[in-house]
Each structure stands twice: as C-alpha cells, then as structure tokens.
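Below is one structure, written out as structure tokens; comments come after it.
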Amino acid sequence: MTSAIAVDGLEVIFDRFRALKGVSLDVQPGESFGLVGESGSGKSTLLRAIAGLAPVASGSITVNGKTLGARRDKAFYREVQMVFQDPYGSLHPRQTVDRLLQEPLAIHGFADGEKRIQRALDEVGLGNGFRFRYSHQLSGGQRQRVAIARALILEPSILLLDEPTSALDASVQAEVLNLLEEVRRRRKLTFLMVSHDLAIITHMCERLMVMQSGEAVENLAAADLVERRVTKDYTRNLLRASDGFVRTA
Amino acid sequence: MSGDPNQQRSKSALLDVEDLRVTFPTRTGLIEAVRGVSFSLGRERLGIVGESGSGKSQTGRAIMGLTPPQARISADKLAFDGIDLLSVSPRERRSLRGKRIAMILQDPKYSLDPVMSIGRQIVETLRTHEKVGKAEARDRALAMLEAVQIRDPARVFDLHPHEVSGGMGQRAMIAMMLIAGPEMMIADEPTSALDVTVQLDVLGILDRLVGERGMGLIFISHDLRLVSSFCDRVIVMYAGKVVEQLKASELGRAQHPYTRGLLNCMPKIGADRHPLPVLDRKPEWAA
C-alpha cells in the first residue's frame, strides 16, 4: 500500500539555521500520526514543509505516491489541507464565514458551492445562523470549527493539524477533539497532528514521533507511550513533565 | 506544629476579599467581570482556576490595583494586612505595589521592558523601594538572579529581554518581583507560555522561594491539574463567581459539576475515552 505521506531525509534551512536535520516519516492512509516536541523542535516546520510553507533544502516528500516538487499544484491542495493553531489569526477578519468558505470552492472551480457550504457548516456543528457572521463575532471554539469546515470543504484525504486546540479552553478543546475524531472516522481521513501535549497526542493518534532540535528522537506507538515503554531520556522527561508538578522535599 | 512561626502567622489572613465586584461599562451596557468574589489568603499557595472570561485575572488585577480606569470596583472588604486597598491613596498603593505585593504575568516577552537590560530592570525595582547604593543594588540583583537558578548571572544581567529564552525571561521576572521581598505574590498564568519541562523548573523555583520566604501566593491559571499539583487550596471560578473552594488534595472529591466537568474533559495519558466527555454548561451555574 502506498503511504499517505512519506518524508525522507528532509532538511529545512532558514538562512543558516537548520530547522530540520534529515527527518524521515511514514504515515499510512487512514492513520492518525502525531508529532510531539518542545518549541523549536521542528515539529511545526515539518508540517509546514509538507504544506509547501517552508524552504526545503533537500530530501523528498511524497503524498499519496506522488513526489512533490518545489511548488504545490492545485491538485495537492485538494488532497491536503491544514488547520492552524491560532483561530484568531487564521481567519480573514473582513470576510464572513460564507465568503471564507467560498474562497477555496472558487479557486478549485466547484459549482455546487451552496450545498457544500451548508454541509460543511452542519458537519462541524455550526448551523446556518453562523453563515453570515464575521470571525470577530465568534468564540475561539467556533472559529476553529470554521477553520476545520474550510479545510474539509474541498474533501481532502489528508489533514495537517498544527496545535489545533492549544489556544482553546479545556472544555472547548474536548469538543474540537471530538469533532476531529468524528470527521476522521466518517471520511476516513489521514491526520498528521502536531502538539506539545502528550495526552492529546496519545488520545488522538496511533503512532507518534518525538522531536528535539530538528531531529527525530524516537518513533513510538501511542500504546508504548501509555505503557511508558520509551527508550530515550528526552521522551521520559516529557512524560514526567506531563504528570504535573511534584514537590521535592 | 504550634511552634512553627509560619504556622502561627498564617492564622491572621494576609489578604481579605469580601464580595469583590469589577464592572466594565461597554456600549451595550455594564459587564460584570467579577461578581461577588470572597476569599482570604494566609501564608499559603492559593490557586484560582477558571476558563477564559471567568474573571480570574480581573480578580488578581483588582487586588494589585491594575484594573483599567474606566472599570468600577466595589467590595465589602478588600484588605491587605489590615490596609483597606480601596480607600488608600494612589501614592500609598504604588508603594505597596512591587514592595509588599508583587505580580508575575504570563509572557516575559511582553511584561519585561524591551529596551532596558534585565539587570537594570531588577535594580530599578529595588531602588524604587529601598534606599540602596548602586554597587549594593547590583550585588543584590546578581544574587537574586542566582537564586532563580540562572547559571551565569553576570552575563544575563547585561542582556536584553529579546536575547534570552522564555524560561530565562520568566526567571528574570521572578527575580525582579522577589528582590524587594514582597509578602504576597500574584502569579497570573506564570508558566503558560513555557514548554512543559521548563514550566516545571520555573514552578520549582517559585515553590522554593515562596516557601523559604513564607509568602502568600495567588496562582491564577486555566490548568486545573497543574494548579492542584502546586497549590494548597484551589478556588474554581465560573462566569465571575466562585463556584467551589477546596483543598488541592481533595480535588478528586470536587462537588460542583463544573469542577468535575473541567477535570473530566481533559485527555489523560492512558485513559481511553472516545469521545471525550464534554462540559454541559448549565445556566444556573452562572446565576
């Protein structure tokens, strides 16, 4: 079976800074794969490189069996869509939800926009009442639902998720995570998800890669992490840190 | 335990808050951000937890005297060490701020002065509140930087905030807040902008210094689990009100459905719950 995403020896260099140092990755179709690490580990850069938003110096990225060049074509964006961290920054402030959702449809020349917008809004749990609102009239969780609707409206097979819930309150986070799981199950999507929170990754993903300063530390199954079968000290430290504060006497 | 001086002192409250209200005038009418909050703080670690809009930060700011001027504050009692904070002059309030009550904010990138070296900012705080010579102030600032576990204090002293990492900036912030020897500290999401491992280092430093100096700490955070692992007592706020007060160790026995919902809805490593339980907000919680 061809991989949904295969990354091999990927290097990303900003000026002279090597943000990714030869990272390889393999995600199967329908799988949910997590990337964990602290800030500066390169987890978001890897996601952005796949989406064509980071300068790739060397290495290869293959999506659904097709090796990508320096530029992404329209067909790529029908297959791969991205949801960003900050729902306040990723929606156009002067466009209504309707206009936001029409944009990708217009770019890709869909005729049945009306139906698709209604379906997309229903799917993310926002009724028609939200359709002609501006993003400043929505809460953080509602905005992130719009961002997910925008990503889903082209019916992609792969969703790149960059900390999709870290700007949200805990209770809203649970709702958005549930929504993501539901659309994945219904549409058989492949997820590549970045988070700094190990609990979220083990909840959402089957396999994961731990990253540190631009390199892969280790690849694990989520079950290994739950059972604490980790081999690297760095991962162990992350696990300990996610247990919360422990007072040393 | 009766011989312990800290224990003795904790009996008289450092801070007394009774029926605190903070109201903001807006175009569409008055918004009550804080609606009748009451609690008292001894020399202990008190956590205030809530989601965005719960009024937790505005509670902290009202105590510190940092509420925006257009807002109205009222309280039956807002007293720090017997001083009525609502009736003191702005001048007296200023002398309390930084000297006896300190505050740490969320992101050192925004709360430190970008055009002043870290050392000078710490020295400035010290010399505002105490008559000390330049050389002594510098020595004390260096000692304080060392106390917050900065390895090379002399080098960091001369750096500007943009030259240090988030964790280092937050340590500098703690150093600046502790140098005048405050008796009470309000920490508003002090570690939310930091990586998890750095977060624990910073909390460790805060814990040690607060413990050693017998300070009262108000720890404001959205993270119920972190707060309960760090504090002695937790206040849970919802829609501007306190819905529950409990000992941190008894969080598992929380009564209020909001507290329980908040604890429940977070994904946990090892708990296989699909879908996650979501919070069913009841209008009567806000009533």
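Observations on the model:
- Count - residues of region A:185-211 that are charged (D, E, K, R), assigned to a helix (DSSP H, G or I) and within 11 Å of another protein chain (Cβ to nearest Cβ): 1
- Residues of region B:38-95 classified as in a loop (DSSP other than H, G, I, E, B) and of a type in the set (S, T, Y), total: 5
- Condition check for B:I205: over 26 Å from A:R236 (Cα atoms) and touching a residue at least 24 places away in the same chain (Cβ under 8 Å): no
- Taken together, the criteria exclude B:L224 from residues that are touching a residue at least 40 places away in the same chain (Cβ under 8 Å) and either away from chain A (no Cβ under 13 Å) or small (G, A, S) (or both).
- Pairing each residue of region B:150-170 that is within 14 Å of another protein chain (Cβ to nearest Cβ) and small (G, A, S) with any residue that is loosely packed, with under 15 Cβ neighbours inside 10 Å and assigned to a loop (DSSP other than H, G, I, E, B), provided the two are 6+ apart or on different chains, yields C-beta distances under 8 Å for B:G166/A:S39.
- A:A111 passes every criterion in (1) part of a loop (DSSP other than H, G, I, E, B); (2) closer than 28 Å to A:E215 by Cα apart from (2).
- Test: residue in region A:51-60 that is β-branched (V, I, T), closer than 26 Å to A:A221 by Cα and surrounded by 15 or more Cβ atoms within 10 Å (Cβ to Cβ): no
- Number of residues in region A:228-249 that are more than 12 Å from chain B (Cβ to nearest Cβ) and either under 23 Å from A:G40 (Cα atoms) or surrounded by 14 or more Cβ atoms within 10 Å (Cβ to Cβ) (or both): the value is 2.
- Residue check, B:T197 within 14 Å of chain A (Cβ to nearest Cβ) and over 16 Å from the mean Cα position of the chain (by Cα): yes
- Listed conditions (1) outside any helix (DSSP H, G or I); (2) in contact with a helix residue (DSSP H, G or I) (Cβ under 6 Å, 6 or more places away or on another chain); (3) more than 7 Å from chain A (Cβ to nearest Cβ) are all met by B:L251, apart from (1).
- Residue in region B:29-37 that is within 26 Å of B:G214 (Cα to Cα), touching a Lys or Arg at 6+ places or on another chain (Cβ under 7 Å) and at pLDDT below 95 present: no
- Test: residue in region A:188-195 that is within 24 Å of A:T235 (Cα to Cα), touching a helix residue (DSSP H, G or I) at 6+ places or on another chain (Cβ under 7 Å) and without any contact (Cβ under 8 Å) to a residue 60 or more places away in the chain: no
- Residue in region A:212-227 that is more than 10 Å from chain B (Cβ to nearest Cβ), surrounded by 23 or more Cβ atoms within 10 Å (Cβ to Cβ) and touching a helix residue (DSSP H, G or I) at 6+ places or on another chain (Cβ under 6 Å) present: no
Let's see how each residue does on (1) farther than 23 Å from B:G216 by Cα; (2) of a type in the set (A, V, I, L, M, F, W, C); (3) out of contact with any His (no Cβ under 6 Å at 6 or more places or on another chain):
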{"residue": "B:A13", "(1), (2), (3)": "no, yes, yes"}
{"residue": "B:R21", "(1), (2), (3)": "no, no, yes"}
{"residue": "B:T26", "(1), (2), (3)": "yes, no, yes"}
{"residue": "B:R43", "(1), (2), (3)": "no, no, yes"}
{"residue": "B:G47", "(1), (2), (3)": "no, no, yes"}
{"residue": "B:K56", "(1), (2), (3)": "no, no, yes"}
{"residue": "B:R72", "(1), (2), (3)": "yes, no, yes"}
{"residue": "B:S87", "(1), (2), (3)": "no, no, yes"}
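- Put simply, of B:G270, B:G240, B:G261, B:G214 the only residue that is over 21 Å from B:P190 (Cβ atoms) and away from chain A (no Cβ under 12 Å) is B:G240.
- Selection status of B:E212, part of a helix (DSSP H, G or I), out of contact with any helix residue (DSSP H, G or I) (no Cβ under 7 Å at 6 or more places or on another chain) and farther than 30 Å from B:K99 by Cβ: no
- Which numbered condition B:Q149 fails, given (1) surrounded by fewer than 18 Cβ atoms within 10 Å (Cβ to Cβ); (2) within 11 Å of B:M176 (Cα to Cα): (2)
- Looking across region A:156-204, just one residue is under 13 Å from the mean Cα position of the chain (by Cα) and at positive phi, and that is A:E163.
- Residue match in region B:184-191 (condition: surrounded by fewer than 23 Cβ atoms within 10 Å (Cβ to Cβ), at the interface with chain A (Cβ under 10 Å from one of its Cβ atoms) and under 16 Å from the mean Cα position of the chain (by Cα)): no
- Test: residue in region A:142-162 that is out of contact with any Gly (no Cβ under 7 Å at 6 or more places or on another chain), touching a residue at least 24 places away in the same chain (Cβ under 8 Å) and within 12 Å of another protein chain (Cβ to nearest Cβ): no
The values are calculated or read from the model by the stated rules, or taken from the named source; none is laboratory data. Everything quoted here is computed from the prediction, not taken from an experiment. Positions of Cβ are generated from backbone atoms using ideal geometry, with glycine treated the same way; all protein chains shown enter the neighbour counts.
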